[in-house]
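What follows is a structure written as structure tokens; I'll ask about it next.
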Amino acid sequence: MAVSNSTSSPHPIPILYPLQDRVAIVTGASRGIGRGIALHLASLGAKVLINYTSNSAEAEHVAAQINTTSLSQLPRAVTFQADISDLAQVKSLFNAAESSFNSPVDILVNSAGVVDSKYPTLANTTTEDFDTMFSINTRGAFFCCREAANRIKRGVGGRIICLTTSTVASLRPRFAAYTASKAAVESMVKILAKELKGTGITANCVAPGPVATDMFFTGDRADAAEKAAAECPLSRLGQVEDVAPTVGFLASDAGEWVNGQIIRVNGGYV
Ligand SMILES: NC(=O)c1ccc[n+]([C@@H]2O[C@H](COP(=O)([O-])OP(=O)(O)OC[C@H]3O[C@@H](n4cnc5c(N)ncnc54)[C@H](OP(=O)(O)O)[C@@H]3O)[C@@H](O)[C@H]2O)c1
């Protein structure tokens, strides 16, 4: 149960469940960073739609983790398969969240994304791989943001948070198309935040550095973890738990004043 702040105390009691009864969609929540964010938002009290595209078993596992710790009889997490690069499926995703929780959506976290696991130079990037990354990372983010901008509850607590990447700042060779697909999202979200004036909805990007997920370890990257740790002032690879609390803060009422920003969460490597 939430504990409300005392108006008389100079040291307000912290609110235990700052997202209590808020409805959140987390795309790409079957694995990796999205999974960590879904679990974290649920721990802050949110009802969460766990989106995935192919791994239904993993998505169900995340939902079960949340629902087994729920005190309520009703599920606080549901799963929904949708490819975010397909507009009809994104619309169905929002419909599913609204009908499952009998409420408009409060929070969108768009974490679904793909990288080219061949890590090619631009000269060696195929048109097909370029199109795949822009289709999911950019067009998918656009569809999710557009739907969110039109459907998230007006008033207070509306939040749009897109996962981008610190490579937009570090500009690593072999990440040209991937980085460009995320840089486009960062520009889009900064403008969206201004366009949402008067709605109470904030829009931000969280841009992680290297994080130990399937995406990071995909492809031929034997020494990638060591290299990432060596470049980081904190001498280690990022973990999902290093990223999720920033998203939780932005999603909360306390995060309202952070709007139209790109938060690079990377241990200081750039
Ligand atoms: N890991 C890193 O080092 C790192 C660094 C910076 C930024 N990021 C960004 O952080 C986000 C999460 O990355 P991650 O490392 O957690 O990736 P991950 O471990 O590969 O997980 C990707 C997630 O996205 C889902 N997904 C992929 N394509 C989708 C689509 N078309 N529609 C809906 N869902 C889709 C996957 O679902 P299935 O399980 O069903 O396949 C999975 O849940 C991405 O946007 C990524 O670009 C990651």
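The values are calculated or read from the model by the stated rules, or taken from the named source; none is laboratory data. Quick caveat: nothing in here was measured; it's all calculated off a predicted structure. Reconstructed Cβ throughout: ideal geometry from the backbone, glycine too, with neighbour counts over all protein chains shown.
Which residue is farthest from M215 (Cα to Cα), if the candidates are limited to segment 134-179 and must be within 13 Å of the ligand (Cβ to nearest atom) and in a strand (DSSP E or B)?
Among residues in segment 134-179 that are within 13 Å of the ligand (Cβ to nearest atom) and in a strand (DSSP E or B), the one farthest from M215 (Cα to Cα) is I161.
If you don't mind, there's one more thing I want to ask. Of the numbered conditions (1) more than 22 Å from I37 (Cβ to Cβ); (2) surrounded by 17 or more Cβ atoms within 10 Å (Cβ to Cβ); (3) out of contact with any helix residue (DSSP H, G or I) (no Cβ under 8 Å at 6 or more places or on another chain); (4) not charged (D, E, K, R), T125 fails exactly one; give the number of that condition.
(3)
Output the qualifying pairs, or none if there are none: Cβ atoms under 7 angstrom, residues six or more apart or on different chains, first residue in segment 126-153 and on the phi > 0 side of the Ramachandran plot, second residue in a helix (DSSP H, G or I) and modelled with pLDDT of 95 or more.
none
Continuing with this model, one more query. Inside segment 32-46, can you point out the residues that are under 14 Å from A112 (Cα atoms), among the aliphatic types (A, V, I, L, M) and more than 7 Å from the ligand (Cβ to nearest atom)?
Looking only at segment 32-46, we keep the residues that are under 14 Å from A112 (Cα atoms), and these are 32-38.
When the remaining residues are screened for being among the aliphatic types (A, V, I, L, M), the result is 33, 37-38.
Scanning segment 32-46 gives I37, A38.
Would you kindly identify the helices (runs of 4 or more DSSP H) lying entirely within segment 47-133 that contain at least 1 residues that are within 14 Å of the ligand (Cβ to nearest atom) and either closer than 30 Å to D253 by Cα or aromatic (F, W, Y) (or both)? I'd like the intermediate steps shown before the answer.
Details: elements: 56-68, 87-101, 127-133.
In segment 47-133, 56-68, 87-101 are the helices (runs of 4 or more DSSP H) which contain 1 or more residues that are within 14 Å of the ligand (Cβ to nearest atom) and either closer than 30 Å to D253 by Cα or aromatic (F, W, Y) (or both).
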